[in-house]
Ligand SMILES: [Zn+2]
């Protein structure tokens, strides 16, 4: 593909990747999926994301120094999520914007994300949110949508800092404490309840009542994102209560949004009434 005009002024350069096609379904993104590159050198990742043989891409790549390169226009379907599920949907590429954050990842020492890089990622997400209608709960990790295959961007990714800047949903994790836990091998109604709650948040998980490998993987993904102090796939009191808090926070946010849109609709009607010329 020839070069294109970037979607945002925060983009420093464009490197057009041939690895994309057309969005299907909604035809517009309502999710952001965050990744790490998982390669030792960020420029190698850039080459790979533009290599037609690799058949992978993302819309954006954020370098360690905060520079942002756009690879695919937001209107197009970049190939970053692979086999994934969220909220019952399996074509995550069609409904998302993919951001690769340069970091060598778990295989290469998994260093902290530099402050400048996170600041740039936040600025980029905020600019995406100005152009697209994306609920905070739909700003997710690759590991959230592909929990059995992926760990990125991983437990060091500062989701809390993003949420403090208006990007994504976050609740303070409930402290780890003693109490009844659910773990791999368990089965019964409590396991079904847990699976339903995770699926309600968006995770691709069936309510089988058995704490199987899939459940273990989803709990790990949840912990990696929302309770990063301990990632062990065991649903302890802290994990369960943090999930409950998160579901409540999302409900509250949805209510507030409804109120806001009702208020702005009223304001529009008001201004129309007040400024309408007398007829
Ligand atoms: Zn990824």
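At a glance:
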quantity	calculated
Centre separation in Å (Cα based) which lies between the range 42-69 and the range 139-203	27
Simple label model, 7 Å out from Cα along Cβ direction - residue 189 to residue 108, nm	5.1
Rounded to 5, percent antiparallel among DSSP beta bridges of the range 1-88	75
Contour excess over end-to-end distance, with Cα ends at residue 43 and residue 165 and 0.36 nm allotted per residue	41.1 nm
Peptides ranked, highest mean first, by Cβ atoms within 10 Å: ranges 43-49, 200-206	200-206, 43-49
Inter-site label distance for residue 28 and residue 115 at 7 Å from Cα along Cβ, in nm	3.7
Cβ-Cβ FRET estimate between residue 132 and residue 175, R0 fixed at 30 Å, reported to 0.05	0.25
Computed lengthening from residue 253 to residue 208, 0.36 nm per intervening residue step minus Cα-Cα distance	13.2 nm
DSSP beta bridge pairing in the chain, given as percent antiparallel to the nearest 5	40
Most to least packed among 250-257, 87-94 [average Cβ atoms within 10 Å]	87-94, 250-257
Potential extension, residue 229-residue 2 segment - 0.36 nm per residue separation minus Cα distance	77.3 nm
Ordering of 152-159, 208-215, 171-178 by burial proxy (mean other Cβ atoms within 10 Å per residue, highest first)	152-159, 208-215, 171-178
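Where a number appears in this text, it was derived from the coordinates with a stated rule and is not lab data. Remember, it's a predicted structure, so these values are computed and weren't measured experimentally. All Cβ positions, glycine included, derive from the backbone under ideal geometry; neighbour counts span all protein chains shown.
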